[in-house]
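The values are calculated or read from the model by the stated rules, or taken from the named source; none is laboratory data. In this text, all values refer to a predicted model and were calculated from it rather than measured experimentally. A quick note on method: Cβ atoms are made from the backbone with ideal geometry, for glycine too, and the neighbour counts reach across all protein chains shown. Ligands, DNA and RNA are excluded from the accessible area calculation, which covers all protein heavy atoms including side chains. Shrake-Rupley method; radii C 1.70, N 1.55, O 1.52, S 1.80 Å.
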Amino acid sequence: MNSDYRVMQNDTEVSGEAAFERLVGLLDYPMFVVTTRAGDESAGCLVGFASQVSIRPSRFLAGLSKRNHTYRVAQRADHLAVHLLPRTHRELARLFGSETGDRVDKFQRCAWHAGPYGIPVLDDAVGWFVGKVLARFDVGDHVGFLLEPIDGRAPQHFDQLVTFSDVRDLDPGHEA
């Protein structure tokens, strides 16, 4: 990173990687729950690294930590579901972010139904889509799953969604 890049905050100037860390630390990204199924195994986790990456064709990239149980299941899966949760269901986000599928069946603790391709779809999601996995990219401590949306449900509008500030204090099921 260019060390000439500088940021002023609270009258303190930082540069380089520290500036980047400070900038992204101030952002309040929406959080997503990603679920999947491979064979007879279902998995899901809270994801903060996700974004639409193309309009035409429609594409979405979801980053899964390599240490995560959901990542290991997703490596064998052809489809992932991406969910947005309303702030009223932040405890659901906390379940998928603070527990690990290595020890807990998260789907026994929430309402869900089988969606397209048998992928678990969370009933309390305000919106969701299932995407076909087109490619996987090693991006560091995460792998980016490039998705082609194939089915889903969306409301007319969103109220307040679960964001990073709602889950900033949780202890993750796995370190990133």
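Are any of the residues in the range 165-174 of a type in the set (Ser, Thr, Tyr), at pLDDT 95 or above and not in a strand (DSSP E or B)?
Keep residues of the range 165-174 that are of a type in the set (Ser, Thr, Tyr), which gives 165.
Filter once more, so that each one left must be at pLDDT 95 or above: none.
No, the range 165-174 contains no residue that is of a type in the set (Ser, Thr, Tyr), at pLDDT 95 or above and not in a strand (DSSP E or B).
How many of the residues making up the range 89-103 are open to solvent by 20 Å² or more (accessible area, probe 1.4 Å), over 19 Å from ALA50 (Cβ atoms) and either of a type in the set (Lys, Arg) or touching a residue at least 12 places away in the same chain (Cβ under 8 Å) (or both)?
Qualifying residue count, the range 89-103: 3.
Tell me which of these ILE55 doesn't satisfy, since it passes every other one: (1) farther than 19 Å from VAL162 by Cβ; (2) open to solvent by less than 80 Å² (accessible area, probe 1.4 Å).
(2)
Considering only residues that are aliphatic (A, V, I, L, M), at pLDDT below 85 and closer than 30 Å to VAL162 by Cα, which ones fall in the range 1-32? Give the steps one after another, and end with the answer.
Our first condition is that a residue be aliphatic (A, V, I, L, M); within the range 1-32, this holds for 1, 7-8, 14, 18-19, 23-24, 26-27, 31.
Okay, now just the ones that are also at pLDDT below 85, so 1, 7-8, 14.
If the condition is that a residue be aliphatic (A, V, I, L, M), at pLDDT below 85 and closer than 30 Å to VAL162 by Cα, then VAL7, MET8, VAL14 are the ones that fit.
Given the range 80-156, what strands (runs of 3 or more DSSP E) lie entirely inside it while holding 3 or more residues that are of a type in the set (Phe, Trp, Tyr)? So that I can check it myself, show each step before the final result.
On the way: elements: 112-114, 120-122, 127-138, 142-153.
The qualifying strands (runs of 3 or more DSSP E) are 127-138.
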